[in-house]
Amino acid sequence: RGLRVADRGFLNTAVIESHITYIDGDNGVLRYRGYPIEQLAERSSFLEVSYLLIYGALPSASQLSHFTSEVLLHGPIHSDAEGFFRAFRYDAHPMSMLTSAFAYLGSYYGEANPSLQGQDLFTKAAKGDPAALQNMDRQIFRLIGKATTLAAMAYRIRQGRDFVVPPTGMSYAESFLYQLDHLSPTDHLSELHSNKPHPVLVKALDILFILHADHEMNASSTTVLQTGSSLPDPFSAVAAGCASLYGPLHGGANEAVIRMLVSIGSPKNVPAFLEAVKKRQKVLSGFGHRVYKTSDPRSFIIRKVADEVFAVTGRDPLLDTAMALHDAALKDDYFVSRKLAPNVDFWSGLIYRAMGFPMDFFPVLFVVPRVVGWVAHWRQMMLSPSGVKIWRPRQLYLGPSTRDYVPLEERT
Ligand code: CMC
């Protein structure tokens with residue numbers, strides 16, 4: 001009725017009113033709850049930013065301490081989950097495991113499931129019911145707390161190693177690196193085999209987590225809300241977001257950048273690669289963005305972090321190819337005229353690689369912080385004073401109008 005044009009890819013459709021994240025794509029501006037990303041990356045910490053994104057204000061000291069201890073307290077996972085992870089093939093992609101693990105987690109927490117508790121479970125929270133609000137907070141603490149634990153399990157099972165119980169007394173990023181107990185070939189993640197993650201790398205990961213925590217209606221956050229709008233438990237909605245993020249056009253792009261740089265091989269091959277991109281035989285991964293029509297502001301911060309990480313890990317030779325590609329694309333008319341500039345993924349993969357992470361783990365390093373953005377959007381939607389409306393878009397039907405069924409033997 002009245003529909004004339006399909007908005008393919010939601011280029012011109014706002015699906016929600018939000019108070020969380022602001023992007024000005026023409027001027028390269030990103031703010032969380034009004035605070036510039038540059039200030040948060042420099043002066044805040046990941047869990048403080050998480051609180052800000054979810055609850056809308058910077059926490060007081062006691063609010064931050066409560067939030068931090070609740071998140072870290074909810075890190076451990078029922079030991080049955082070990083059997084769940086062991087059921088995967090030895091070479092399963094960590095994103096397949098993580099996506100499934102979030103959905104699996106939902107099976108433990110019936111208290112967060114409107115199918116079991118009644119559809120008004122979260123509407124009660126919207127009306128200010130303290131028990132319902134506490135219930136909602138508990139699921140948020142669980143999702144953030146267990147994200148690192150599940151990610152570390154997906155990492156270690158690939159190496160045939162036992163799982164690590166989340167430690168106490170460490171920050172979120174430090175605890176994550178500790179659980180991975182990840183020794184890169186040159187052994188820079190753990191200082192002197194002490195199992196204590198290197199402070200420079202902890203800080204770098206914390207900043208990367210801040211930069212990846214939210215990005216308004218990206219594909220995965222939209223998926224979480226789309227799924228959440230039919231009122232499943234939040235673990236199922238997050239699993240759906242995780243599946244969306246897995247794709248190479250979204251969270252898989254940092255992995256795709258490294259594959260691309262490895263395939264280019266050296267700066268001298270950059271011109272030929274760019275020609276292939278212009279002929280649409282290749283994609284320049286890590287460039288372009290639906291919203292930014294100039295450089296992604298996060299890419300400048302990441303570039304600085306990369307230098308700090310390389311000072312510890314040593315310089316990645318792929319950096320020369322990356323810089324040659326970056327500089328050549330930014331001077332080339334094809335990319336300039338289409339306003340294609342580096343996005344967050346152009347440099348992040350190089351940092352993860354320098355830290356010794358395998359490529360297929362890169363998207364997992366994106367999911368862990370993005371869980372915060374997902375739950376912030378989910379909470380905002382669930383607590384909306386106008387209630388939750390199921391997301392049910394329309395289509396333009398272009399198929400046959402009506403035709404009669406033809407039995408198999410009469411079909412030509
Ligand atoms: N390489 C070559 N050409 C490109 C690229 C690219 N990376 N990105 C866009 N274009 C071209 C595209 O072919 C089109 O050209 P034309 O108008 O001649 O047909 C024009 O630029 C406009 O692009 P679009 O496809 O309409 O842009 P979009 O908003 O639909 O897609 C994007 C955005 C991020 C999917 C796309 O730029 C892309 O595929 N980039 C590479 C993958 C990537 O780096 N993804 C990470 C995004 S940021 C983090 C995240 O979201 O996870």
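Tabulated data
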item	result
Among residues of segment 260-273, those that are more than 25 Å from the chain's Cα centre (by Cα) and either of a type in the set (Ser, Thr, Tyr) or buried (at least 19 other Cβ atoms within 10 Å of the Cβ) (or both), counted	5
Test: residue in segment 206-218 that is surrounded by fewer than 20 Cβ atoms within 10 Å (Cβ to Cβ), more than 17 Å from the chain's Cα centre (by Cα) and touching a residue at least 40 places away in the same chain (Cβ under 8 Å)	no
Flag for ARG43 being of a type in the set (Lys, Arg) and modelled with pLDDT of 95 or more	yes
Residues that are surrounded by 14 or more Cβ atoms within 10 Å (Cβ to Cβ) and closer than 16 Å to ALA272 by Cβ, drawn from segment 323-347	ALA324, LEU325, ALA328, ALA329, ASP332, PHE335
Filter pass, LEU350 being within 11 Å of the ligand (Cβ to nearest atom) and either modelled with pLDDT of 90 or more or assigned to a helix (DSSP H, G or I) (or both)	no
Residue match in segment 88-107 (condition: closer than 17 Å to GLN159 by Cβ, more than 23 Å from the chain's Cα centre (by Cα) and surrounded by fewer than 19 Cβ atoms within 10 Å (Cβ to Cβ))	yes
Complete set of residues in segment 224-235 that are surrounded by 21 or more Cβ atoms within 10 Å (Cβ to Cβ) and either within 16 Å of the ligand (Cβ to nearest atom) or part of a helix (DSSP H, G or I) (or both)	VAL224, LEU225, THR227, GLY228, PRO234, PHE235
Pair list, Cβ under 8 Å, 6 or more apart: segment 386-405 residue in a loop (DSSP other than H, G, I, E, B), other residue aromatic (Phe, Trp, Tyr)	VAL388/PHE122
Helices (runs of 4 or more DSSP H) within segment 247-344 that include 1 or more residues more than 25 Å from THR223 (Cβ to Cβ) and within 10 Å of the ligand (Cβ to nearest atom)	253-264, 270-278, 318-331, 333-337
Among residues of segment 123-173, those that are among the charged types (D, E, K, R), in a helix (DSSP H, G or I) and at pLDDT below 95, counted	3
Subset tally (residues that are of a type in the set (Ser, Thr, Tyr), in contact (Cβ under 8 Å) with a residue 60 or more places away in the chain and under 30 Å from ARG156 (Cβ atoms)) for segment 108-134	1
Among (1) surrounded by 10 or more Cβ atoms within 10 Å (Cβ to Cβ); (2) at pLDDT 95 or above; (3) not β-branched (Val, Ile, Thr), the one test that ASP404 misses	(1)
Condition broken by PRO358, with the remaining ones in (1) more than 9 Å from the ligand (Cβ to nearest atom); (2) loosely packed, with under 14 Cβ neighbours inside 10 Å; (3) modelled with pLDDT of 90 or more; (4) not acidic (Asp, Glu) satisfied	(2)
Single unsatisfied condition, VAL291 versus (1) closer than 26 Å to THR227 by Cα; (2) crowded, with 22+ Cβ neighbours inside 10 Å; (3) hydrophobic (A, V, I, L, M, F, W, C); (4) out of contact with any Ser or Thr (no Cβ under 9 Å at 6 or more places or on another chain)	(2)
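The values are calculated or read from the model by the stated rules, or taken from the named source; none is laboratory data. Everything numeric in this text was worked out from a predicted model, so none of it was measured. We place every Cβ from the backbone using ideal geometry, glycine too, and count neighbours over all the protein chains shown.
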